[in-house]
Amino acid sequence: MINIAFASSFSSQVGLLAFLKANDSMINYLIIIPSNEHKNNEYTCTIFQKNDKIKNIVVVKSLYIKLLIICCVDFIKVLSKLNLIKISIISPRPFWLFSILGPVSFANYFSDIFARLDNKNCYNFYYGDGLSCFCYESKPFWLKIGNNSLTPSRIENKYSQYFYYYHMFESDIIFNKTCLENDINVLQLDYNNLNASIDSALNLINSKFSFSDCLAPGVSEVLLSNRKLLIFTTTTFSKTNRCSFDDEMKLYIRYFTENIPEDNSFLLFKFHPSAGEKMNNMLFNILLNKYGKRVLFVNSFISAIPIEIILKFLIKYHIFLESNITLFACSSGTAMPKSLFTNINLVISFGRSFLHNILNENYLEKRLHQEEILKYKFFV
């Protein structure tokens, strides 16, 4: 059996780490495909190192190498179809490999053919989109144009559908119905498993970045019980063509300004790693100039780090009390930390008043529906 695992962002890598802790599989090849925003920074490519469970690690930055790897995977699938080998493909969600090539649709032609061929020698494991979030669709409903139904994607291989997840965005009814109708086998990762994975990832990342050295110097001057932290996150509105670049920038400036009090609370701006360097750099420079010493981290690397790992560091090393942290979450991914750190304060951003003149009409109601689900799920 040859086991090939794929991952991209640090969040997906932590999800894979949790999968490995819950599974006895040995990985022959771990293929990391970092986002364009972070592929040129060696520190933000991977947290993994070769060990007893991972024999080979390949970091892929070139489109041509991506194409070559896809072709190699397809070739191995052919061999498995001919009963010459058995393989398992470990990735975040169904058809994830299709999505990483973006507009290069012709490269997926053969992959699409092989996906239609049931193959009892090829197993697919999915460890969750983002950080261990159950995902059976190629796109969530809020990014689709059309009706709001949660229609499952075509399955890659009916012989194997194994999902390892910690949390899910869907309701229990939709989740159970989907699993039964599509014969999906699922294994929920427990809190201890994911918490241990986040702890391991923190140690690996902290050895590269040294969070303590990057903290604002004024933090230590304030009593621990009096330290307040507001965390503001961003999403991918313009990147996913839901609004213009300028409108998204105006949204953040207005929303942050109206929700940042004039006191001594510290501020952490956690930008979406896939929002693009232009958006993230412009926004960070504006906010740094405006709020100066209140900004907790002034290093741009922070955008690549999952919010769960940042919170783990701040709470574990007594930088802030859990109850003194407020997270303004603007996506299902950024709300998930509430299930791990139950005492933090959670605010679901943004609401109709901020979005009605920003988002394209095809997406507005879906976005608001997403926010309502998050409020219900996390009891906000």
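Between residue 174 and residue 35, what is the label-point separation in nm under the 7 Å Cα-to-beta-carbon projection?
2.3 nm
Amide H of residue 131 versus every other amide H placed in the peptide plane: which residues, excluding those fewer than 5 positions away on the same chain, fall under 5 Å?
Amide H neighbours of residue 131: none.
In Å², what does the accessible area per residue of the range 177-329 work out to with a 1.4 Å probe?
45 Å²
Hey, which lysines would be in cross-link range of residue 61, C-alpha to C-alpha under 17 Å, not counting anything within fewer than 8 residues on its own chain?
List returned: 39.
At q = 0.09, 0.11 Å⁻¹, what is the base-10 log of I(q)/I(0) for the range 147-298 according to the Debye formula with one equal point scatterer per Cα and no solvent? Please give it to two decimals.
Evaluating at q = 0.09, 0.11 Å⁻¹ gives log10 I(q)/I(0) of -0.50, -0.72.
Run the reach check for residue 77 against lysines, Cα to Cα strictly under 22 Å, same-chain hits fewer than 8 apart removed. What comes back?
55, 66, 86, 120, 158
Using the per-residue mean of other Cβ atoms lying within 10 Å as a proxy for protection, in what order, highest first, do the peptides 15-23, 126-134 fall?
126-134, 15-23
Starting from a Cα-only point model with no solvent, please compute log10 I(q)/I(0) by Debye for the range 269-348 at q = 0.17, 0.25 1/Å.
These q points yield log10 I(q)/I(0) values of -0.73, -1.36.
Using only DSSP helix segments of four residues or longer, with each worth -39500 (n - 2.57), what per-residue ellipticity at 222 nm results for the chain after dividing by its residue count and rounding to 500?
Calculated at 222 nm, the ellipticity per residue is -11500 deg cm²/dmol.
What is the spin-label model distance, in nm, from residue 369 to residue 65 if the labels are put 7 Å beyond Cα along the C-beta direction?
Placing both labels 7 Å beyond Cα along the Cβ direction yields 4.1 nm.
Given the C-alpha atoms of the chain, compute the convex hull and give its volume per residue in Å³.
136 Å³
Taking the range 311-351 as the region of interest, what is the percent of Cα-Cα pairs per 10 angstrom bin, listed from the shortest bin to the one with the maximum distance?
Going out from 0 Å in 10 Å bins, the range 311-351 shows 31, 54, 15, 1 percent.
Could you tally the net charge around residue 54, taking each other residue with its Cβ under 15 Å from the Cβ of residue 54, Lys/Arg +1 and Asp/Glu -1?
Result for the neighbourhood of residue 54: +2.
Report ³J(HN,Hα) in whole Hz for each residue of the range 128-136, in order, from the Karplus equation J = 6.51 cos²θ - 1.76 cosθ + 1.60 where θ = phi - 60°; Gly and Pro get x.
My calculation for the range 128-136 gives x, 7, x, 10, 6, 9, 4, 8, 10 Hz in order.
Could you please state how large a percent of the accessible area of the chain is carbon and sulfur, counting protein chains only and using a 1.4 Å probe?
Taking all protein chains in place, the chain shows 54 percent carbon and sulfur surface.
For the range 315-380, what size does the Cα cloud have along each of its three principal axes, sorted from largest down, in whole Å?
Projected onto its principal axes, the Cα set of the range 315-380 covers 44, 20, 15 Å.
Once you place label points 7 Å from the Cα toward the Cβ at residue 293 and residue 245, how far apart are they in nm?
It works out to 3.5 nm between the two label points.
The values are calculated or read from the model by the stated rules, or taken from the named source; none is laboratory data. Bear in mind the structure is a predicted one, so any value in this text is a computation, not a measurement. Cβ: placed from backbone, ideal geometry, glycine included. Neighbour counts: every protein chain shown. Quick note on the areas: whole protein, heavy atoms, side chains included, nothing else; ligands and nucleic acids left out. Shrake-Rupley method; radii C 1.70, N 1.55, O 1.52, S 1.80 Å.
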